[in-house]
1. Suppose we keep only residues that are in contact (Cβ under 8 Å) with a residue 24 or more places away in the chain and over 9 Å from B:C138 (Cβ atoms) within segment B:417-436. Which one would you say is surrounded by the fewest Cβ atoms within 10 Å (Cβ to Cβ)?
2. Would a scan of segment B:303-322 turn up a residue that is away from chain A (no Cβ under 14 Å), outside any strand (DSSP E or B), out of contact with any helix residue (DSSP H, G or I) (no Cβ under 9 Å at 6 or more places or on another chain) and not β-branched (V, I, T)?
3. Considering only segment B:10-47, state which residues are touching a residue at least 40 places away in the same chain (Cβ under 8 Å) and of a type in the set (D, E).
4. Are any of the residues in segment A:189-197 more than 23 Å from A:E228 (Cβ to Cβ), among the hydrophobic types (A, V, I, L, M, F, W, C) and in contact (Cβ under 8 Å) with a residue 12 or more places away in the chain?
5. I'd like to check something: does segment A:142-157 contain any residue that is among the acidic types (D, E), within 13 Å of chain B (Cβ to nearest Cβ), surrounded by 18 or more Cβ atoms within 10 Å (Cβ to Cβ) and more than 30 Å from A:N235 (Cβ to Cβ)?
6. Tally the residues that are within 35 Å of the chain's Cα centre (by Cα) and within 11 Å of chain A (Cβ to nearest Cβ), restricting the search to segment B:275-302.
7. Residues of segment B:359-391 being touching a His at 6+ places or on another chain (Cβ under 9 Å) and part of a helix (DSSP H, G or I), which ones?
Amino acid sequence: MNNLTSFQRKLVYITGILILLIPITWLGMPPEPGADNRVKPGSGGKLSQLRQSEELGETSLGNVDPTSSTMNLLLLGFRGIATSSLWMEAQDQQKRKEWAELDSTIKSIVLLQPHFLKVWHFQGWNLAYNVSAEWDAVADRYYWVKRGVKFYIEGKDRNEKFPELYWFTGDTLGKKIGRADEWKEFRQFFRSDPDKEQYPNGIDPDVKQYGKEDNYLEAREWFLKANEVVQTYKNRQHIMAEPLFRFYPARALIDYAMALQREGKFGEESRASWEDAFHEWAEVYGRQEFECPIGTIHMELQEDEVAEWQAKDAEEPQEVRRYLNWVARYQDMCNYRYWRSRCKIEGERDMADAHRDLFDGEEAYRKADFDTAIETYKRGLTKYEAMLKLYPDLKDDDNTIEEIMVAQLFWRDCLRIVEGAEPSDDEDFPLKDVWISHQNRKPQMVEEFQRRQRR
Amino acid sequence: MSLSFDPKPFDIVAGFTQWGVVCLVVAGIGWAVAALLMFLQGGAPGLARLVDQTLDVFRDFVQTSPRRVWALTVHTFREASRRRVLWVFAVFAVLFMFAGWFMPEMKQDPEMAVKNYVSFVLRTISWLTVPVVLLLACWGLPEDIRARSLHTVVTKPVRRHEIILGRIFGFLGIGLAILVIVGAVGHIWILRQVPAGYSANLAARVPVFGELRYLTREGATEDENSNQATGVNVGDEVMFRQFVEGNTKARAIWRVKGININQLASGQLIFESAFQSFRTHKGKIDQELLGQYTLVNPKSGVRVPLQPFFNREFRRNTYNVLDRNARKNAAGDSSVELKDEQGRVIDLGKDLLSDGELDVEVACLSPGQFLGMARPDLFIRLPDRSFFTSYSKGLFSIFLMLTMIVVLGVTSGCFLKGPVATMLTLFVFLVGRWAHAFFEQITSDKFVDNPKIQMRGRGLFESLYRLPTHISPQIDVEDTTTQRIIKAVDNVELNALWGVKHLFPDFTQFDTTPYVANSFDVPWAEALLPNLATTIGFCVPWIIVGYFALKSRELEAK
């Protein structure tokens, strides 16, 4: 090289640069942008393609937030310090009830920790349950429940392969809105948002992403999506056992049907929803295959299947290797047989009528129309008794026992008021066996009866 | 949105008296030490020289030439403006372009949205301007000395403190120019960003706060231990608010002084409250807790119970006394008749406000529930000022903070090199900004977040004793001679720490964002005056220190 002139050396350098550019381009060409902040599949250089195929890039996790990436790069190695400081700040702001500041701080935290599941889980719960409970007005509480749901959805966008985030969204929509102390108002707000300034038509599209009219039906869509993500990405969830996780779409339908009953809707809508729930439970969920040590099993067995497996199990000396043994274990885990019977019985017209009579009886009691209440209660309890003869398993169900015992207390109170006495245990009256066999629960039931009297 | 701190008026007389005493004592001690040294070195002539020099100092300051200071100011301004400080505008523009990154979603509650926008702008302005003026101030004089350009100045008939003042004013000019421009851009940005429906939240409420006291649930002014009655602690970790129990005789009473009917907007008496609600049972879940105001003339004893109100927690609760107590007669016409407890018709101006004092009693009417309140949670709202007014005052506070940084930077540049002066100024700023709460807690014998909790074992040696012996801070140590010695030694440290605390200005007080962002006017007595006094209080001694440092400095030593 020393014999080359300066010009010749420059030519050599330029040639070297040009030759090196070819593999660099082939290896490192950036990918083309695609839809939804993602890269176009198969585009870019070899490294980019490898990153896509091996799912090593951030885009393989979900939508990339450019802010988040920029912040993490700019902070160099100080992300941990910044994150810890922000977490402490958030806790302090919560302690001081500085909600606007807390909202901003949480936003900053997720910018720095966008793919840390626990951050989304903790703060989503915090907003929907803890912060909402700090506010007194129900509409304000609902605002924060929505903030929690939106936070989960934002987390889901960043981390599309985390089934947990879909499930948390569904769980909050279902359980928090449908089961909180303020469930009546929350469910109404879900149908028609109280913030009319921002949502004049009463629909908050960020919360009603599937456009369902009921919180449980919206939740069901998220549970379905959660199951789909588990299947699609073969990404295990770490919240609960698989059989429990997968029953949530069906469980949401059951909750929906139960919510209709709680609201006093005992008509065709309620009955049909129980039928849907039964179908989802027995025909869809019950037929799903679950992995277990002896292979795969499903929980809904036809009579011929039972006979076939009984024959095979008879040849199996080890109990832990028997098919029906594993089916029973899984059924016990998710209380399969109970919910199956419950859906079945609640889908019957007579059962819906029985519930309606008990509900109407209570309404008549509240209006001090005790004669009507006595008659309605007796009719309802008689129908209930007939249904329990068909489905005796439900006699051990806590909800059924509570409903019957409280109805008996209302009925007896009406009788005391109108006739001056209630029937003795020697007399014959509907659901006498339930009343007598659960006398040990009476003090609790009396509390519930008195609480409802005050409503 | 309410204030989460108690804005107390600044006592200017007491403040400056204490400041004057401290300055005189320090100056006296300094002069006495100098006198002793001079006497030991040169005897009586040495002492005479000190007197001469002391008189020179006074002469120098008295004969300050505004013209020379102005010339140096202009020179400093020009020189600094050539140092590419204007790059700060580019950073500012970029931050505003990407502001959405740091802000929560736009579909937010209106009050919270406005609060976030305003906080963002004021904080950004602080963060941008502080480093610029800090670097300029700390590097100005050391750089002049290094480049020997200061030699051309000191050879002119100019006094050393005039050089310092010229530098300070020049850098402040730059700081002010930047602040005005970015402040104007920030103001326009806020007006454009805040949706039209939320613009009502861009205001400067003018509050008249009162002094708060409580009555117990039996209606007594003292509790069973003969202490002044307080509210109930419902379990909040931060005991800023105290709660009054519903449907009992417990009351929170504000005494508002110096208010008269002419100050009120159209004669309307408007209360704004931000009480917190605490439920011990669900109660009526779809209904907020019920409260009631009773107006009392403390001199005549006239009591006027007003119509109850529902308390919307964490929101502004506005209660217009005349509107809310208007009654319709049979003909459907509404008329306002305030009646006292005996049913006599009361005139707001004559019977309640004429004596310049008004008691406002607040009761919680919901049985078994509690309303929580602190002093700033209730005020009489005077006619609003414009948002621009409070925003400008917020900027003025930032300017005062810049002034302190410039003065400290220039002073430290008089005796330190650029990097060291920068570090010193930055250190003082950071300690004053972030560690003040820590100092406050460690030098206080009460838990700052909950004054009912006593802080024990704060001293180094008592802590060293408590740790291995597992004595919790909740209980006292035994009263022995050793413990008394330990406490005495600890007291020395803690008093020294108290002194150190006061050496560092509290830079958090210059942050008036909580007022502006919560739509309050920045008050003079509670915010601007203490900020101004602190600035003057620290800057004057610093300038004198800088004067001595530059005067005694050998300029050839780079």
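The values are calculated or read from the model by the stated rules, or taken from the named source; none is laboratory data. Note that this is a predicted model, so its numbers are computed, not measured. As a convention, Cβ positions derive from the backbone with ideal geometry for all residues, glycine included, and neighbour counts pool all protein chains shown.
1. B:A435
2. There is at least one residue in segment B:303-322 that is away from chain A (no Cβ under 14 Å), outside any strand (DSSP E or B), out of contact with any helix residue (DSSP H, G or I) (no Cβ under 9 Å at 6 or more places or on another chain) and not β-branched (V, I, T).
3. If the condition is that a residue be touching a residue at least 40 places away in the same chain (Cβ under 8 Å) and of a type in the set (D, E), then no residue fits.
4. Start the filter on segment A:189-197 by keeping residues that are more than 23 Å from A:E228 (Cβ to Cβ), which leaves A:189-197.
Narrowing further to those that are among the hydrophobic types (A, V, I, L, M, F, W, C): A:189-190.
Then keep just the ones that are in contact (Cβ under 8 Å) with a residue 12 or more places away in the chain; that gives A:189-190.
The answer is yes; a qualifying residue exists.
5. Within segment A:142-157 (the criterion being among the acidic types (D, E), within 13 Å of chain B (Cβ to nearest Cβ), surrounded by 18 or more Cβ atoms within 10 Å (Cβ to Cβ) and more than 30 Å from A:N235 (Cβ to Cβ)), the answer is no, since none of the residues qualifies.
6. So the count comes out to 7.
7. Scanning segment B:359-391 gives B:F387, B:F388, B:Y391.
The rows are residues; the columns are (1) over 30 Å from B:V406 (Cβ atoms); (2) of a type in the set (D, E, K, R).
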residue: B:R159; (1), (2): no, yes
residue: B:I168; (1), (2): no, no
residue: B:V182; (1), (2): no, no
residue: B:V185; (1), (2): no, no
residue: B:R192; (1), (2): yes, yes
residue: B:A196; (1), (2): yes, no
residue: B:P207; (1), (2): yes, no
residue: B:G210; (1), (2): yes, no
